[in-house]
Structure formats: C-alpha cells, structure tokens
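Asker: Let me begin by handing over the structure; questions about it come next.
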C-alpha cells in the first residue's frame with residue numbers, strides 16, 4: 001500500500017504501511033533544474049537533519065513523529081503518521097478564543113525548542129498538527145542548533161511574517177498569543193530582550209520605515 | 001480572486017494618456033502610456049559608474065539632472081503627443097536613492113505645475129510588478145521581484161501586495177553587482193556574470209542559506225569574494241554563485257507557490273533578464289502546473305514605463321497628490337502601499 005498524500009514544495013509525502021503501522025514516507029525529490037551536486041547535497045543534508053531534530057525535539061518534551069527509518073542518500077525518511085488537522089486551517093476556521101489558545105500552545109512549544117537551543121527555521125502554522133489535543137511539530141529539515149539571541153529572534157520573526165501574510169487582520173492577535181505562550185516558559189527579562197531583538201530585525205528589513 | 005479594475009471602465013469612452021518619470025537609482029527614464037494598455041514610448045538614460053565601482057548617489061543624480069529634459073522631450077516625441085494631451089504625470093516616489101529620487105520628483109512637480117496636471121506618486125516596486133502583469137496578461141500572480149533594490153516574493157491580498165518571503169540582508173542584484181565589483185566590473189554586473197558562467201568547468205560549494213521563506217546572501221557573497229581573492233577561477237565562481245543564489249530563490253518561490261496555491265508565477269525586476277534564472281523558475285512553475293511569465297528584457301530594468309503604467313492605474317483609481325504635499329520616500333516598503341485599483 002502506498003498513497004501520495006501531499007506534493008509539497010520540497011518533498012512528496014506517501015502514506016505507507018510500515019511493519020503493520022501507518023507511516024509517512026517523505027521523499028525529497030530531485031530538482032532537475034538545480035545544479036546536480038548542489039541538489040543532492042541539500043536533499044541529503046536536510047533529510048539527516050530532519051531525522052536528528054525530530055529526535056532532539058522529542059527529547060525536550062515536544063511532540064514530534066517517531067522516526068522509523070532514514071536514508072540520506074536517497075533523501076528518504078519514514079516516520080510515524082500523525083492524524084489530525086493542521087494548525088494552518090484551524091486558525092482560519094475556529095473561534096478567536098480557540099485560536100488564541102492554539103497560538104499560546106505554539107508559543108510554548110517554540111519556547112521549549114529554544115530553551116534547548118533548537119532553531120526550527122521554518123515556523124509556520126502549516127508545520128503544526130493538532131492531534132489528540134496536542135500540537136505536534138513537524139518539518140525539521142532546516143533546523144539547527146544555536147545559542148544566539150539573534151537566531152531565536154529570526155525564528156520568531158519568520159513566523160510573524162507568515163502570520164501577517166496569511167491571517168492579515170488577526171496577525172497581531174496571533175503573534176501576541178505566541179509570545180504569551182513563550183513567556184510562560186522563559187523569564188520575563190529574556191522575553192523582553194527577545195522582543196527588542198525582533199523589533200531590531202524588523203527595522204533592518206529592506207525599506208522598513210526609518211525610525 | 002484579485003484582479004485589476006480596468007481603467008477603461010472608469011473612462012467609458014475617453015482614452016487618456018499619461019507620462020511617467022523614473023529616477024530611483026542609475027536610470028532616468030520617461031514614458032508615455034495610453035489607457036488601452038499600450039506603451040507609446042519608453043526612453044531612458046543610464047548612469048554608468050567607472051569600472052569596479054558602484055552607483056555614487058550624487059554622481060547619478062547629476063546625470064539625471066543633465067538628461068531629464070532631453071529624455072522627457074524624446075518620450076513625448078516618440079509617442080507623438082504633446083504635453084497638453086496628457087491627463088497626469090506620475091513619478092517614482094520611492095524607495096530608492098534620495099538624491100536621485102529628488103531629481104525625478106522636482107522635474108515632475110515643475111511639469112505638473114506648468115501644465116496644470118495632476119501629480120501621481122508611484123512606488124517603484126509596485127511599478128515593476130504592474131508592468132510585468134500588463135505584459136503577461138495575468139490577473140492574480142505570485143510575483144518574484146528581483147533587482148538591485150529588491151528581492152521578495154509577493155501576492156496581492158486585501159488591498160496590498162503582501163510579502164511571502166524576502167531577503168534578510170542584501171538583494172540578489174547586490175550579490176551579483178558586489179561580486180562583479182570585486183572582479184573589477186562596473187555595476188550592474190549581472191549580464192557579465194551570466195556570460196562568464198557559461199564557460200565554467202566545475203561547481204564550487206558555496207553557502208546556501210534559506211530560513212523559512214526568507215533568504216540571506218551575505219555569507220554567499222563573502223565566500224565567493226574570498227575564493228576569488230585566493231585565485232579560484234572567475235568563470236567557475238560566477239557559475240557557482242548563480243547556481244547557488246538562484247537555487248535559493250527557486251526554493252523559496254516554490255514554497256510560496258505551494259503555500260499560496262497561485263496559478264500564475266511572474267518574475268520581474270532587473271535580474272529577471274537573466275536567462276538561467278528564468279529557465280529554473282519556468283521549471284518550478286511547470287512542476288506545479290502553474291503558468292509562468294518573465295518580464296521582457298526591455299522592461300526588466302528600471303524604466304519610465306513601469307511608473308507611467310502604474311501611475312495610470314493609480315490615477316484612474318483616484319490617486320493624486322497636490323504639488324506642495326508631494327514627497328519622496330527613500331524607504332517605502334511594498335507592503336505599506338495602498339493599491340485601490342486592485343480588488
């Protein structure tokens with residue numbers, strides 16, 4: 001049994017049967033329009049990084065799919081199938097109160113990752129699945145380790161950008177809720193320096209209003 | 001679905017003409033457009049810095065001041081109309097180099113006062129996008145804007161162009177120009193680098209930095225420059241720089257395409273003249289069953305037509321500014337511009 005469930009920008013996802021369990025096979029398909037050496041390097045690096053960080057994230061208490069099998073040369077990853085709704089859609093359909101709570105939870109998850117110096121690097125509501133009342137984080141292909149405040153701020157800045165372009169009027173509400181959730185894990189002092197850093201990054205943006 | 005409210009519907013029978021002035025950076029341009037979507041003239045004079053240098057804002061603005069009159073005169077002559085046939089004059093109000101923007105704005109204000117024409121401020125980035133949409137005949141595209149001033153991915157939603165990804169440091173145009181400068185070329189150096197890349201023999205590993213939907217080129221530039229200084233082949237580096245930088249752009253474009261599910265992909269701005277980039281983006285688009293269009297090379301770089309056409313759309317939607325309140329804005333982000341002519 002093998003069924004294509006998603007053709008993403010970077011990878012194709014198949015629902016498969018893995019030793020009598022429902023699993024997802026994620027294949028980073030070759031991009032014939034990329035320089036071949038570069039293409040292979042990117043695909044195999046991201047595959048192994050993803051397997052590594054799915055595991056690291058679990059170790060700090062964040063729900064992620066279990067990794068069953070990795071083949072960096074083929075850029076293939078087999079992992080647990082997570083049943084549920086993507087946060088991306090939930091934030092478009094649910095009530096404000098529910099959305100605020102979901103964003104707070106996303107903030108808490110990010111805070112846990114950051115407290116272990118894990119930068120997700122692709123924080124978007126598409127990369128969280130609501131499953132059995134918990135948020136499961138996925139797509140760790142771009143993740144890396146960093147102790148720098150700058151990197152943590154960029155991680156959140158990227159999320160803010162996605163929230164603005166996707167949920168325009170609700171973006172402030174959602175992002176503030178993310179920061180609230182984040183604050184429940186980290187000290188107020190740290191969160192304040194982080195917020196200041198995010199503002200600094202925004203001001204650095206091209207043609208951002210000169211303050 | 002977003003789409004332009006065609007100007008003709010507002011001017012049921014009357015055809016109008018408008019003049020646009022471009023002067024954000026190295027180019028002083030003037031163009032006359034017609035409300036039927038025809039570009040009647042597009043004349044430009046480009047300031048070229050000495051070999052190995054970038055644009056000096058003061059020198060560029062002097063060039064613009066010298067050429068302004070003859071460029072505008074030529075634009076009207078080619079279009080075959082007089083100043084009295086015009087319905088408005090549009091100018092690039094930003095973002096860009098202050099001294100250069102001021103020349104275009106001053107000329108436009110003088111022209112508007114003398115001929116008693118409405119003055120229409122235009123955002124330069126919106127100009128790059130609108131001229132490309134006109135040419136492609138698209139209605140609701142995902143746009144990759146690549147130039148010396150911009151590197152971003154945008155789609156229109158709720159009255160503004162929203163940014164779905166952008167550079168966190170320098171632009172792709174700056175990457176190419178600054179590498180070119182290190183190799184002793186004048187800016188813009190994109191064409192020269194594209195030519196050199198064709199005779200490369202091997203790919204050299206360079207830093208590839210994608211963060212979410214955003215990119216960073218500064219590490220790539222530093223690495224390429226230091227390899228050049230250490231004696232690596234210029235051709236191989238030109239090739240590797242292009243392959244790496246363009247792959248980053250294609251990746252974030254593809255992500256934005258998958259995310260927004262747009263059915264049209266458009267590339268515009270000076271770097272859109274690069275054939276290799278267009279070839280890669282075309283492949284991205286066909287992988288997602290999306291229509292693809294690249295701005296033709298005559299309107300890829302900065303030009304009066306982008307300002308004139310966007311000015312026409314804006315003017316028909318009621319946008320204009322009194323001379324005494326007309327300003328330039330060196331910083332004017334795309335996502336802060338209201339676009340009342342798009343639903």
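The values are calculated or read from the model by the stated rules, or taken from the named source; none is laboratory data. Computed from a predicted structure; not experimentally measured. Using ideal geometry, Cβ is built from the backbone for each residue, glycine included, and neighbour counts are taken over all protein chains shown.
Asker: Would you tally the residues in region B:309-336 being away from chain A (no Cβ under 14 Å) and under 13 Å from residue B:125 (Cα atoms)?
Answerer: Counting residues in region B:309-336 that are away from chain A (no Cβ under 14 Å) and under 13 Å from residue B:125 (Cα atoms) gives 3.
Asker: Residues B:81, B:72: which one is at pLDDT 95 or above, assigned to a helix (DSSP H, G or I) and over 16 Å from the mean Cα position of the chain (by Cα)?
Answerer: B:72
Asker: A further question on this structure: Would it be correct to say that residue B:220 is in contact with a helix residue (DSSP H, G or I) (Cβ under 9 Å, 6 or more places away or on another chain), in the same structural domain as residue B:172 (by TED's automatic domain parsing) and farther than 25 Å from residue B:302 by Cβ?
Answerer: no
Asker: Being facing chain A (nearest Cβ under 10 Å), modelled with pLDDT of 95 or more, surrounded by fewer than 22 Cβ atoms within 10 Å (Cβ to Cβ) and within 24 Å of residue B:247 (Cβ to Cβ), is that true of even one residue in region B:189-202?
Answerer: yes
Asker: Please go through region A:57-87 and pick out each residue that is in contact with a helix residue (DSSP H, G or I) (Cβ under 9 Å, 6 or more places away or on another chain), farther than 25 Å from residue A:2 by Cβ and surrounded by 13 or more Cβ atoms within 10 Å (Cβ to Cβ).
Answerer: Within region A:57-87, A:57, A:60, A:62, A:63, A:87 meet the criteria.
Asker: Further, regarding this structure: For region A:155-211, how many residues meet the condition of being touching a residue at least 12 places away in the same chain (Cβ under 8 Å), over 28 Å from residue A:89 (Cβ atoms) and at the interface with another protein chain (Cβ under 10 Å from one of its Cβ atoms)?
Answerer: The qualifying residues number 1.
Asker: Just one of the numbered conditions (1) surrounded by fewer than 15 Cβ atoms within 10 Å (Cβ to Cβ); (2) modelled with pLDDT of 95 or more is not true of residue B:31; which one?
Answerer: All conditions are met except number (1).
Asker: Additional query: State all residues of region B:113-143 that are closer than 23 Å to residue B:324 by Cβ and either in a helix (DSSP H, G or I) or not assigned by TED's automatic domain parsing to the domain that holds residue B:40 (or both); if no residue qualifies, say none.
Answerer: B:113, B:114, B:115, B:124
Asker: Let me ask something else. Hey, among the residues in region B:260-289 that are more than 10 Å from chain A (Cβ to nearest Cβ), within 19 Å of residue A:11 (Cα to Cα) and surrounded by fewer than 20 Cβ atoms within 10 Å (Cβ to Cβ), which one's modelled with the highest pLDDT?
Answerer: B:289
Asker: Could you list, in sequence order, all residues of region B:26-37 that are in a loop (DSSP other than H, G, I, E, B) and either under 18 Å from the mean Cα position of the chain (by Cα) or on the phi > 0 side of the Ramachandran plot (or both)?
Answerer: If the condition is that a residue be in a loop (DSSP other than H, G, I, E, B) and either under 18 Å from the mean Cα position of the chain (by Cα) or on the phi > 0 side of the Ramachandran plot (or both), then B:26, B:37 are the ones that fit.
Asker: In this structure, does residue B:326 turn out to be touching a strand residue (DSSP E or B) at 6+ places or on another chain (Cβ under 6 Å), modelled with pLDDT of 95 or more and surrounded by fewer than 22 Cβ atoms within 10 Å (Cβ to Cβ)?
Answerer: For residue B:326, the condition - touching a strand residue (DSSP E or B) at 6+ places or on another chain (Cβ under 6 Å), modelled with pLDDT of 95 or more and surrounded by fewer than 22 Cβ atoms within 10 Å (Cβ to Cβ) - is met.
Asker: Please verify whether residue B:243 is surrounded by fewer than 18 Cβ atoms within 10 Å (Cβ to Cβ), within 11 Å of chain A (Cβ to nearest Cβ) and over 16 Å from residue B:166 (Cβ atoms), treating the condition exactly as stated.
Answerer: Here the answer is no, as residue B:243 does not meet what is asked.
Asker: Is it true that some residue in region B:223-232 is surrounded by 24 or more Cβ atoms within 10 Å (Cβ to Cβ), at pLDDT 95 or above and not in a loop (DSSP other than H, G, I, E, B)?
Answerer: Within region B:223-232 (the criterion being surrounded by 24 or more Cβ atoms within 10 Å (Cβ to Cβ), at pLDDT 95 or above and not in a loop (DSSP other than H, G, I, E, B)), the answer is yes, since at least one residue qualifies.
Asker: Within 18 Å of residue B:311 (Cβ to Cβ), in contact with a helix residue (DSSP H, G or I) (Cβ under 7 Å, 6 or more places away or on another chain) and not in a strand (DSSP E or B): is that true of residue B:40 in this structure?
Answerer: When the stated conditions are applied, residue B:40 does not pass them.
Asker: Can you give me the number of residues within region B:50-69 that are in a helix (DSSP H, G or I) and over 20 Å from residue B:30 (Cβ atoms)?
Answerer: Result for region B:50-69: 3.
Asker: May I ask you to say which residue of B:206, B:237 is under 22 Å from residue A:32 (Cα atoms), over 25 Å from the mean Cα position of the chain (by Cα) and part of a helix (DSSP H, G or I)?
Answerer: Residue meeting the stated conditions: B:237.
Asker: Name the residue, out of B:165, B:148, that is surrounded by 24 or more Cβ atoms within 10 Å (Cβ to Cβ) and in a strand (DSSP E or B).
Answerer: That would be B:165, the only listed residue that is surrounded by 24 or more Cβ atoms within 10 Å (Cβ to Cβ) and in a strand (DSSP E or B).
Asker: Continuing with the same structure: Hey, can you tell me all the residues within region A:21-56 that are closer than 19 Å to residue A:127 by Cβ, surrounded by fewer than 20 Cβ atoms within 10 Å (Cβ to Cβ) and in contact with a helix residue (DSSP H, G or I) (Cβ under 6 Å, 6 or more places away or on another chain)?
Answerer: Result: A:48, single match.
Asker: Same structure, new question: Which one of B:290, B:268, B:244, B:310 is in the same structural domain as residue B:211 (by TED's automatic domain parsing) and under 18 Å from the mean Cα position of the chain (by Cα)?
Answerer: The match here is B:268.
Asker: Looking only at region B:84-104, which residues are more than 23 Å from the chain's Cα centre (by Cα) and either assigned to a helix (DSSP H, G or I) or surrounded by fewer than 17 Cβ atoms within 10 Å (Cβ to Cβ) (or both)?
Answerer: B:84, B:85, listed by residue number.
Asker: Which numbered condition trips up residue B:159, out of (1) within 22 Å of residue B:251 (Cβ to Cβ); (2) within 14 Å of another protein chain (Cβ to nearest Cβ)?
Answerer: The single condition residue B:159 does not satisfy is (1).
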